[in-house]
Amino acid sequence: MQLLNTLYVTLPDAWLRLDNDTLRIEVERETRLRVPLHHLTAVVCFGHVGLSAPLMHRLPDEGIALVLLDANGRFKARLEGAVSGNVLLRQAQFARGADAAFTLDMARSFVAGKIKNTRQVLQRGAREAKSEDEAGVLARLADDLAASLRALPESTTLDAVRGVEGEAARQYFSGLPLLLRPDQREHFSMQGRTRRPPRDRFNALLSFLYAMWMNDCRSALEAAGLDPQVGFLHALRPGRAALALDVMEEFRPWADRLALTLINRGQVQADDFDLREGGGVTLQGDARKAVVVAYQERKKDEITHPLLAQSLPLGLVPLVQARLLARALRDDAMPYLPFVPK
């Protein structure tokens, strides 16, 4: 398998055009970049990016997905060609979605993966904390998440599972700011998770990173022949990629870790954000580019997959999980196991 080659365009007022078999990016009629089409699997555009009609026709012909996000990274639209996924697999997916017991088990799996990975974030923070008081707070929150995990098997409805997930998320986000350097906490304080729009700098950065993980999870599901719209944990709604949101849950802590790293190393600073009227916060253009570069670099990190027992780049893990999910949909004897590295 190869790491998905995704081109992220964050330059404001950029213009993308087709140049023979090459995608050309121009800003104020000056060429900034040329990329051969055969190197790409997806093009993701943030904000006001223009595209020529010939390019928009050519991308789906080449099997290259075009994703449009707003400046905050919120999904706007996706253009792709004819779907060539396995119709029998999708038929099994739809049948499983109508099976209440299977849906409940899948929802528990996604939530368990998320809670286990968030708990690891807090445990690592407790070990590295320089203050005994803060280490104690983080350790207690990690214990609370362990209690949430124990409550999952007793959750007999989807609403109960979602309730466990919501309470675990509340506990987790209450401790996340303690993982920031003390001199950064004033600028990146947060009162829980906020979105649409994010109400603080930390949430704005998280939303941006989550949007990129979401795109990669959706692409991985489509590559496996699954329908990203038909999920188990997230309620089905028109235009909502429920299954991509399901799979993404276990990867959210990886976005959180990267956000903490960027802030603590000073790669993202307080003045990299715009504070808008009404309380919304957005990441500025140059900072968005830096975050995208860091995200792409992080996806190259080698990590041992606990089920495969082999090392692979982090960016390939969504593809592996999508295939494990497809196997679980086909075979009752092969339950879905979320990605939880040791």
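The values are calculated or read from the model by the stated rules, or taken from the named source; none is laboratory data. All values derive from a computational prediction rather than experimental measurement. Note that each Cβ is placed from the backbone with ideal geometry, even for glycine, and that neighbours are counted across all protein chains shown. Areas reflect the complete protein model, heavy atoms only, side chains present, ligands, DNA and RNA absent. Shrake-Rupley method; radii C 1.70, N 1.55, O 1.52, S 1.80 Å.
Accessible surface of Asp332, taken over heavy atoms with a 1.4 Å probe and every protein chain present, rounds to 120 Å². In this Cβ point-charge picture (+1 for Lys and Arg, -1 for Asp and Glu), segment 164-319 has a dipole of about 200 debye about its Cα centre.
Please name which of His39, His57, Leu69 has its Cα lying farthest along the dipole of segment 29-80 towards the positive end, using unit charges on Cβ (Lys, Arg +1; Asp, Glu -1) and the Cα centre as origin. Looking along the dipole axis, the top candidate is Leu69.
What you get for the chain, charging only the Cβ of Lys and Arg (+1) and of Asp and Glu (-1), is a dipole of about 160 debye around the Cα centre. The residue among Ala82, Ala107, Gly192 whose Cα reaches farthest toward the positive pole of the charge dipole of the chain, with charges on the beta-carbon of Lys, Arg, Asp and Glu, is Ala107. With θ taken as phi - 60° and the Karplus curve 6.51 cos²θ - 1.76 cosθ + 1.60 applied, the whole-hertz 3J(HN,Hα) list for segment 33-43 is 7, 10, 10, x, 4, 5, 8, 10, 10, 7, 10 Hz, x standing for glycine and proline.
Rounded, prolate or oblate for the chain? Axes are the square roots of the Cα gyration tensor eigenvalues, ordered a ≥ b ≥ c, and the cut-off for rounded is a/c under 1.5. It is oblate, given that a/c is not under 1.5 and a/b is not larger than b/c.
Dipole magnitude for segment 279-342: about 80 debye, using +1 per Lys or Arg Cβ and -1 per Asp or Glu Cβ, origin at the Cα centre. Rounded to the nearest 5, the antiparallel percentage of DSSP beta bridges internal to the chain is 65%.
Taking the accessible area of the chain, probe 1.4 Å, and keeping the other protein chains in place, the carbon and sulfur fraction comes to 50%.
Computed with a 1.4 Å probe on the full set of protein chains, the accessible area for Glu302 sits at about 120 Å². Relative contact order for the chain: 17 percent, from Cα pairs under 8 Å spaced at least 6 residues apart, divided by residue count.
Normalised per residue, the accessible area of the chain is 48 Å², obtained with a 1.4 Å probe and no contribution from ligands, DNA or RNA.
Rounded to the nearest 10 square angstrom, Met56 shows an accessible area of 80 square angstrom against a 1.4 Å probe. With a ≥ b ≥ c the root eigenvalues of the C-alpha gyration tensor of segment 208-308, is it rounded (a/c under 1.5), prolate (a/b larger than b/c) or oblate? Oblate. For Gly225, no residue 5 or more places off, or on another chain, has a built amide H under 5 Å of its own.
Note on Lys342: lysines with a C-alpha under 16 Å away, same-chain residues under 8 apart excluded, are Lys114, Lys116.
For the peptides 335-341, 57-63, 318-324, the ranking by packing is 318-324, 335-341, 57-63, with the highest mean count of neighbouring Cβ atoms within 10 Å listed first.
With all protein chains present and a 1.4 Å probe, how do His48, His187 order by accessible area, largest first?
If we order His48, His187 from most to least accessible, we get His48, His187.
If you take the Cα centroid of segment 148-193 and the Cα centroid of segment 238-316, the two points sit 17 Å apart. Scaled to the globular estimate 2.2 N^0.38 Å, the Cα spread of segment 263-342, given as radius of gyration, is 1.59. Sites listed here are trypsin sites (Lys or Arg not before Pro) in segment 277-307 whose DSSP assignment is loop and whose Cβ has at most 11 other Cβ atoms within 10 Å: Lys300.
Note on segment 1-128: Cα convex hull, mean projected area over all directions, 12.1 nm². Model label points for Arg327 and Ala53, set 7 angstrom from Cα along the Cα-to-Cβ axis, are 4.7 nm apart. For segment 66-205, rounded, prolate or oblate, judged on the Cα gyration tensor with a ≥ b ≥ c (square roots of eigenvalues), a/c < 1.5 rounded, else prolate if a/b > b/c? Cα axes put segment 66-205 in the oblate bin.
Shown for the chain are the DSSP H helices of 24 Å or more along their axis, judged by Cα atoms, with a mean Kyte-Doolittle hydropathy of at least 0.0: 132-151, 201-223.
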